[in-house]
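Okay, so here's the structure we're looking at.
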Amino acid sequence: MKEKLWNHITTVRKQSPLVHNITNYVVMNNTANALLAIGASPIMSHAHEEMVAMQQICNSLVINIGTLDTYWVKSMHLAIEAANKNKNPWVLDPVGAGATPFRDEVLSELLNLKPIAIRGNASEILALAKHNKTQTKGVDSTASSLDAIDAARFLNKQYNAVVIISGETDVIVSDELEVKLNNGNLLMTKITGMGCSASAILAAFLAVIPESAEAAVAATALISIAGEISAKSCDGPGSLQVSILDKLHSITENEFLKHLKIEN
Ligand SMILES: Nc1ncnc2c1ncn2[C@@H]1O[C@H](COP(=O)(O)OP(=O)(O)OP(=O)(O)O)[C@@H](O)[C@H]1O
Ligand SMILES: Cc1ncsc1CCO
Ligand SMILES: [Mg+2]
């Protein structure tokens, strides 16, 4: 498994997929930079008129509801329909699930359109599965990823999607595997959009790796390890944001395998 994960990282670098992102205003710049750093190409776009044509030239799609509005919901539906037609995988990042009724209504519709993968923090995964015992603090989690595993299993069965819960431990749940990754650093929660970048990276991996669960493990491990290594030598959130991009770009097989903390 470990060597396969590194091979997936080199596949993304070699094949350089083009990823269409309908994502939030907050993270557009850093997620585009994260995609470039791993060797993929980003395009951020949401005009209704170009959703179909965009999916014809792209290899995958990210649907991130971070700064939702009605115009964008229509963009999301148009892009997803085109992605499904072109057999392009699409990822759902349910930012702020459970925070407002509008988000939850939109998410119910999106879930029924069959994302290949869903990545969120524990509060978001709990809210999506309607295990509403904990509240989300806006876009930030108030729960532990380990407490959302049953919710992730439920979503995996219900929607046939790979589910990734991010947090201190990242958990990947699919039909074939359930994996825990104990990488990352607490300082990563002090930069906005780390999860959004993880979802964009995930879409790049899914574009070129047919084994979706393995692609999810590789993508999640890559950003968590890049964050972990960078956090050790940075001065705080500002420099961490920059050094994660450097590490996503420069990480070697040795560094990756030395840091990888995976539990099957
Ligand atoms: N408590 C923690 N300890 C160590 N690493 C963490 C912790 N929380 C998050 N991380 C790291 O940060 C990554 C992003 O996860 P996080 O749960 O913060 O996403 P998120 O809440 O969706 O973020 P955002 O909405 O700001 O994009 C994880 O994959 C993990 O590597
Ligand atoms: C802070 C914030 N608000 C809406 S989206 C977003 C980025 C992190 O999810
Ligand atoms: Mg998030």
Choose one answer from Leu146, Leu78, Leu186: the residue with the largest mean-square fluctuation in a GNM of the chain with alpha-carbon springs under 10 Å. Leu186
With the Cα gyration tensor of the stretch 57-101 giving a ≥ b ≥ c as the square roots of its eigenvalues, does the rule (a/c under 1.5 for rounded; else a/b larger than b/c for prolate; else oblate) give rounded, prolate or oblate? prolate
Could you pull out which residues in the stretch 184-198 have an amide N less than 19 Å from a spot 7 Å beyond the Cα of Ser233, following the Cα-Cβ vector? 184-188
Sort 168-181, 15-28, 88-101, 40-53 by the packing proxy (mean of other Cβ within 10 Å over each peptide's residues), most packed first. 88-101, 15-28, 168-181, 40-53
Span-like helices, the chain: DSSP H, alpha-carbon axial extent 27 Å or more, mean Kyte-Doolittle 0.0 or greater, which ones? 212-233
Taking a ≥ b ≥ c as the square roots of the Cα gyration tensor eigenvalues, with a/c under 1.5 meaning rounded and otherwise prolate when a/b beats b/c or oblate if not, the stretch 202-264 comes out prolate
In Å, the Kirkwood hydrodynamic radius of the stretch 32-111 over pairs of distinct alpha carbons? 13.3
For Lys4 and Asn264, compute 0.36 nm times the residue count separating them, minus their Cα-Cα distance, and round to one decimal in nm. 92.2 nm
Per q in 0.14, 0.15 1/Å, what log10 I(q)/I(0) does a Debye calculation on the alpha-carbon atoms of the stretch 2-263 return? -0.87, -1.01
Stretch Asn182-Lys137 to full length: gain in nm at 0.36 nm per residue minus the Cα-Cα span? 13.9 nm
Options Asn88, Ser16, Gly167, ranked by Cα towards positive dipole end of the chain, top entry (Cβ charges): Ser16
A 1.4 Å probe over the protein heavy atoms gives the chain a carbon and sulfur accessible-area percentage of 52
Which order do peptides 202-214, 241-253, 153-165 fall in by mean Cβ count within 10 Å, highest first? 202-214, 153-165, 241-253
Label-point gap, in nm, between Ala53 and Glu253 - each point 7 angstrom along Cα→Cβ: 4.3
Output the antiparallel fraction of DSSP beta bridges having both residues in the chain, as a percent to the nearest 5. 35
For the pair Lys114 and Tyr25, how long in nm is the line joining their label points, each one 7 Å along Cα→Cβ? 3.5
With a ≥ b ≥ c taken as the square roots of the eigenvalues of the C-alpha gyration tensor of the stretch 130-264, please select rounded if a/c is under 1.5 and otherwise prolate if a/b is larger than b/c or oblate if it is not? oblate
May I ask you to give the solvent-accessible area per residue for the chain, in square angstrom, as obtained with a 1.4 angstrom probe? 42
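The values are calculated or read from the model by the stated rules, or taken from the named source; none is laboratory data. Worth saying up front: this structure is predicted, and the values here are computed from it rather than measured. Here Cβ is always computed from backbone atoms with ideal geometry, including for glycine, and neighbour counts include all displayed protein chains. For the accessible areas, the whole protein counts, side chains as well, though only heavy atoms, and no ligand, DNA or RNA atoms are used. Shrake-Rupley method; radii C 1.70, N 1.55, O 1.52, S 1.80 Å.
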